[in-house]
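Below is one structure, written out as structure tokens, with a few remarks after it.
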Amino acid sequence: MSDYDFDLFVIGAGSGGVRASRVASAHGAKVAVAEEYRVGGTCVIRGCVPKKLLVYGAHFAGDLKDARRFGWKVPDCAFEWPVLRDNVLADVDRLEGLYKNTLDSHGVELIPERATITGPHSVKLANGREVSARHVLIATGAWPVVPEVEGAEHGLTSNEMFHLDETPRRLVIIGGGYIANEFAGIFHQFGSQVTLVNRSSTLLRGYDESIRDRLMQISTTKGIQFRFNAQLDRIVKNEDDTLCVHFSEGDPIPCDVLLFAAGRRPHTGGLGLENAGVEVDGKGAIKVDEYSRTSCESIYAVGDVTDRLQLTPVAIREGHAFADTVFGDNPRTVDYDCVPSAVFSDPPMAGVGLTEAQAKNKLGTVKVYTSDFRPMKNVLAGREERALYKMVVDATTDCVVGLHMIGPDAPEILQAAAIAVKAGLTKQQFDDTVALHPSMAEELVLLK
Ligand SMILES: Cc1cc2nc3c(=O)[nH]c(=O)nc-3n(C[C@H](O)[C@H](O)[C@H](O)COP(=O)(O)OP(=O)(O)OC[C@H]3O[C@@H](n4cnc5c(N)ncnc54)[C@H](O)[C@@H]3O)c2cc1C
């Protein structure tokens with residue numbers, strides 16, 4: 001007989017929490033998970049999944065135009081946002097159902113309530129019920145940062161963008177990260193006039209510079225507008241419900257929708273961490289060791305709330321490793337080296353390993369190989385857009401230490417190539433692989 005109500009109490013049924021719950025349960029633990037909103041978390045409900053479906057929907061704007069060059073008689077097509085929105089939201093409902101089934105079939109008790117920590121082994125639910133657990137796992141994710149300026153309440157975050165009544169005629173996006181650039185591409189293709197405003201002069205910090213520059217050049221050519229080094233001052237709502245975004249310098253920008261995409265902060269506010277001595281860093285991220293254990297021995301944390309790498313596959317791995325470690329008698333850590341990532345911009349970009357600048361800093365001498373080409377499909381479609389692939393190689397060992405690309409299907413190609421980079425293959429081994437022709441990916445084995 002256990003002294004506790006549960007062996008494991010998980011707070012947050014998102015990517016990390018669901019994986020940890022079901023694996024711990026499969027290891028024989030008695031598990032409950034509390035979720036204050038919807039099962040599936042950010043990725044499924046208001047992140048990766050609905051975002052990617054919008055990316056697919058948006059791409060038809062160009063595809064339908066290009067189809068004419070490929071001989072198809074395409075009448076003038078109109079886009080109906082409510083149809084796409086409702087179909088996407090219906091798919092999100094379907095996926096949430098699957099996640100609930102998974103928890104159910106693994107015998108995990110789902111508690112649809114907000115939970116807060118009241119002690120090292122106790123949690124309080126929104127309905128007042130208090131439960132005890134041998135271990136608590138915090139998997140509460142992250143939350144969009146809303147700048148503290150006058151009128152900020154008139155802006156939206158990515159959470160609301162999936163539910164718009166209509167596409168905005170003019171969209172202003174504050175931020176320069178992947179979410180900002182993805183929404184810029186999506187809504188530009190839907191016909192919105194998009195202006196992306198960034199407080200520094202650098203977009204997509206952390207990605208390879210040449211690839212970022214290429215996205216910037218393509219986006220500008222398409223008509224997405226940019227304003228750099230802009231300090232937000234205030235937002236004014238006009239009588240006709242339109243907005244005017246003011247900056248400390250420069251002209252204000254009028255718009256119909258203002259999106260804040262200026263980062264995501266660990267979701268730790270009001271969680272009661274102080275009741276169990278769980279420490280956070282300056283950004284509010286929960287401090288953990290390599291096994292995701294917090295400063296309180298019985299409490300662990302995984303996913304965005306720890307701000308290690310804010311990506312779904314990483315949260316899932318951390319949740320899995322935690323469950324194996326604590327309930328599977330198999331201590332496991334997560335390897336953060338060579339984690340591939342993508343920006344589903346238009347066109348998309350993707351990368352793995354060191355950028356050219358990082359490699360030069362770390363290794364000294366590096367060799368860089370690039371292929372700057374116009375994909376065959378773009379040529380026939382009459383599109384000027386060029387793809388760019390870059391391989392960064394350690395000059396001493398010939399090992400490929402980084403791969404970065406922008407162009408059609410870059411994330412799909414990069415995922416496969418990331419295996420080779422992770423495995424530490426050399427440039428020679430890439431060259432020894434025969435090209436698969438005709439493909440864009442063949443550029444990777446033909447780099448000179
Ligand atoms: C627009 C957008 C696009 C994204 N696109 C990608 C992408 O393409 N690829 C990628 O890898 N990642 C992407 N991400 C990031 C990805 O969604 C996160 O990294 C991932 O969801 C983190 O998982 P998690 O388990 O840490 O938290 P989450 O999935 O956020 O789950 C946390 C859950 O905890 C719940 N919760 C919070 N507090 C409490 C409480 N006190 N009590 C009960 N429940 C609580 C929340 O409601 C939420 O359901 C995207 C994110 C956004 C916002």
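Every number here is computed from the coordinates shown, using simple stated rules; none is lab data. Owing to the predicted nature of the structure, the values given are computational and were not obtained by experimental measurement. Glycine gets a Cβ as well: all are built from the backbone with ideal geometry, and neighbour counts include every protein chain shown.
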Check your understanding: Quick one: Karplus J couplings for the stretch 101-115, per residue in order, coefficients 6.51, -1.76, 1.60, θ = phi - 60°, nearest Hz, x for Gly and Pro?
Key -> 4, 4, 4, 4, 5, 9, x, 8, 7, 9, 10, x, 9, 6, 10
Exercise for review: Could you please state, rounded to a whole Å, how far the C-alpha centre of the stretch 370-439 is from the C-alpha centre of the stretch 314-369?
Suggested key: 18
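Hey, fewest Cβ within 10 Å first, where do Lys73, Lys390, Lys422, Lys362 land in order?
Numbers: Lys73 6, Lys390 23, Lys422 15, Lys362 11.
Placing the least packed residue first, the sequence is Lys73, Lys362, Lys422, Lys390.
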Practice item. Arrange the following residues from fewest to most other Cβ atoms within 10 Å of their Cβ: Lys427, Lys283, Lys222. Key: Lys283, Lys222, Lys427
Revision key, fill the gap. Any aspartates and glutamates whose Cα falls less than 20 Å from that of Lys30, other than same-chain ones fewer than 8 residues away, would be Asp3, Asp5, Asp7, Asp104, Glu109, Glu113, Glu130, Glu297, Glu318, Asp324, Asp329
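In percent, what relative contact order does the chain have, based on Cα pairs under 8 Å that are 6 or more apart in sequence? Before the final figure, lay out each step's value.
Details: 922 pairs, mean separation 70.3, N = 448.
Once divided by the residue count of the chain, the mean separation gives 16 percent.
Compute the Cα gyration tensor for the stretch 1-117, then decide on rounded, prolate or oblate, letting a ≥ b ≥ c be the square roots of its eigenvalues: rounded whenever a/c is under 1.5, prolate when a/b is larger than b/c in the other cases, and oblate in all that remain. The partial results should precede the final answer.
Details: a/c = 4.34, a/b = 3.35, b/c = 1.29.
Judged from the Cα gyration tensor, the stretch 1-117 comes out prolate (a/c at least 1.5, a/b above b/c).
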Point to revise | Size of charge dipole - the chain - debye, nearest 20, with Cβ of Lys, Arg +1 and Asp, Glu -1, no other charges | key: 920
Review point. What is the order of Phe60, Phe187, Phe247, fewest Cβ neighbours within 10 Å to most?
Key: Phe60, Phe247, Phe187
**Study point:** Nonlocal amide H pairs with His135, under 5 Å, H built at 1.01 Å
**Key:** Leu8, Phe9
Review point. Which ³J(HN,Hα) values, rounded to whole Hz and listed in residue order, are derived for the stretch 194-200 from phi using the Karplus coefficients 6.51, -1.76 and 1.60 in 6.51 cos²θ - 1.76 cosθ + 1.60 with θ = phi - 60°, glycine and proline given as x?
Key: 10, 10, 9, 10, 10, 7, 10
Study note, to complete from the structure: Taking a straight Cα-to-Cα line shorter than 13 Å from Lys237, and setting aside same-chain aspartates and glutamates fewer than 8 residues away, one finds Glu150, Glu153, Asp256
Review point. Which lysines have a Cα less than 25 Å from the Cα of Lys65, not counting those fewer than 8 places away in the same chain?
Key: Lys51, Lys52, Lys73, Lys222, Lys377
Revision key, fill the gap. By the mean-Cβ-within-10 Å protection proxy, highest first, 95-101, 323-329 rank as 323-329, 95-101
Study note, to complete from the structure: Check: C-alpha center the stretch 167-183 vs C-alpha center the stretch 26-81, spacing in Å is 17
Check your understanding: What residue among Ala418, Ala90, Ala32 shows peak mean-square fluctuation when the chain is described by a Gaussian network model with Cα springs under 10 Å?
Key -> Ala90
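Average projected area of the Cα convex hull of the chain, in nm²?
Working: hull surface 98.7 nm².
Projected over every direction and averaged, the Cα hull of the chain covers 24.7 nm².
Which order do peptides 125-138, 35-48 fall in by mean Cβ count within 10 Å, highest first? Walk me through the intermediate numbers first.
Details: 125-138: 18.5, 35-48: 21.7.
Sorting 125-138, 35-48 by mean packing, highest first, produces 35-48, 125-138.
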